[in-house]
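Notes for the one structure printed next.
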Amino acid sequence: MPLPFITPLTPENLRQAGIPAPWAFGLQDQVRFGELDALAHVNNGAYLGWFENFRIHYFREYGVDEYRGVFPRIVLRQIGLEFLSEVRLHDIYIVTGRTVSFRRTSWAMEYAVWVDGVMTTKGSAVLVNLDQTGAKSALPPAWTAKFVERDGAVQA
């Protein structure tokens, strides 16, 4: 049975798709024409959108934010990409992500894009938690507990 699109995938789903541990959370989707560049592979900017979409699902699943109110304020401080191989039109891909470390007010995430069980792209990001005034705010213990429990994150 094929995996669903844009629905959180379990560790079991990921293993069935050939994605190894410690990746424990992912989303599957299919490349659309509008995501291509002039060379007919996925445009660099599309990956940023994929990672953002992933983060929203990740935050909801991990209890970070339900996107129903004004708190918390999470900002993206830094993001990076490393391209390993091309992804093309109609490829079915899975975006995985995990928190690898956290500090008092911020955390670092790693991402990967997989096609047919092969990693095609790596990404990284640093996110910062802010209060309503825009000042850095301590990460709630419930968040960091999930990062450790589900992703194996470490305190930096």
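Of these, GLU52, GLU110, which one is among the charged types (D, E, K, R) and either part of a strand (DSSP E or B) or crowded, with 17+ Cβ neighbours inside 10 Å (or both)?
On the way: GLU52 fails: either part of a strand (DSSP E or B) or crowded, with 17+ Cβ neighbours inside 10 Å (or both).
Only one candidate qualifies: GLU110.
Restricting the search to segment 122-134, which residues are over 22 Å from PHE147 (Cα atoms) and touching a residue at least 60 places away in the same chain (Cβ under 8 Å)?
Listed by number, the residues that qualify are GLN132, GLY134.
Just wondering, is there one or more residues in segment 56-66 that are assigned to a strand (DSSP E or B) and either closer than 30 Å to ASP131 by Cβ or free of Cβ contacts under 8 Å to residues at least 24 places away in the same chain (or both)? Lay out the reasoning, then the answer.
Looking only at segment 56-66, we keep the residues that are assigned to a strand (DSSP E or B), and these are none.
So far as segment 56-66 goes, no, none of its residues is assigned to a strand (DSSP E or B) and either closer than 30 Å to ASP131 by Cβ or free of Cβ contacts under 8 Å to residues at least 24 places away in the same chain (or both).
Residue by residue through segment 131-156, note down the ones that are touching a Ser or Thr at 6+ places or on another chain (Cβ under 6 Å) and part of a strand (DSSP E or B).
LYS136, VAL154 - these are the residues of segment 131-156 that are touching a Ser or Thr at 6+ places or on another chain (Cβ under 6 Å) and part of a strand (DSSP E or B).
Tell me which residues, restricted to segment 34-49, are in a helix (DSSP H, G or I) and exposed (fewer than 14 other Cβ atoms within 10 Å of the Cβ).
Residues satisfying the conditions are GLY34, ASN44, GLY45, GLY49.
Among the residues of segment 18-33, which ones are closer than 15 Å to ARG150 by Cα and either of a type in the set (S, T, N, Q) or in a loop (DSSP other than H, G, I, E, B) (or both)?
PRO20, ALA21, PRO22, TRP23, ALA24, PHE25
With respect to ALA125, determine if the residue is modelled with pLDDT of 95 or more, in a helix (DSSP H, G or I) and of a type in the set (Gly, Ala, Ser).
no
So, in segment 80-107, exactly how many residues are surrounded by 12 or more Cβ atoms within 10 Å (Cβ to Cβ) and either free of Cβ contacts under 8 Å to residues at least 12 places away in the same chain or at positive phi (or both)?
0
Among the numbered conditions (1) part of a strand (DSSP E or B); (2) modelled with pLDDT under 95; (3) more than 30 Å from PHE33 (Cα to Cα), tell me where PHE71 comes up short.
Of everything listed in (1) part of a strand (DSSP E or B); (2) modelled with pLDDT under 95; (3) more than 30 Å from PHE33 (Cα to Cα), PHE71 misses just condition (1).
Of the residues ARG77, ARG15, only one is basic (Lys, Arg), outside any helix (DSSP H, G or I) and either surrounded by fewer than 13 Cβ atoms within 10 Å (Cβ to Cβ) or free of Cβ contacts under 8 Å to residues at least 40 places away in the same chain (or both); which?
Just a single option satisfies the conditions, and that option is ARG77.
The values are calculated or read from the model by the stated rules, or taken from the named source; none is laboratory data. This is a predicted model, so every value here is computed, not measured. For neighbour counting, all protein chains shown are included, and Cβ atoms are generated from backbone atoms with ideal geometry for every residue, glycine included.
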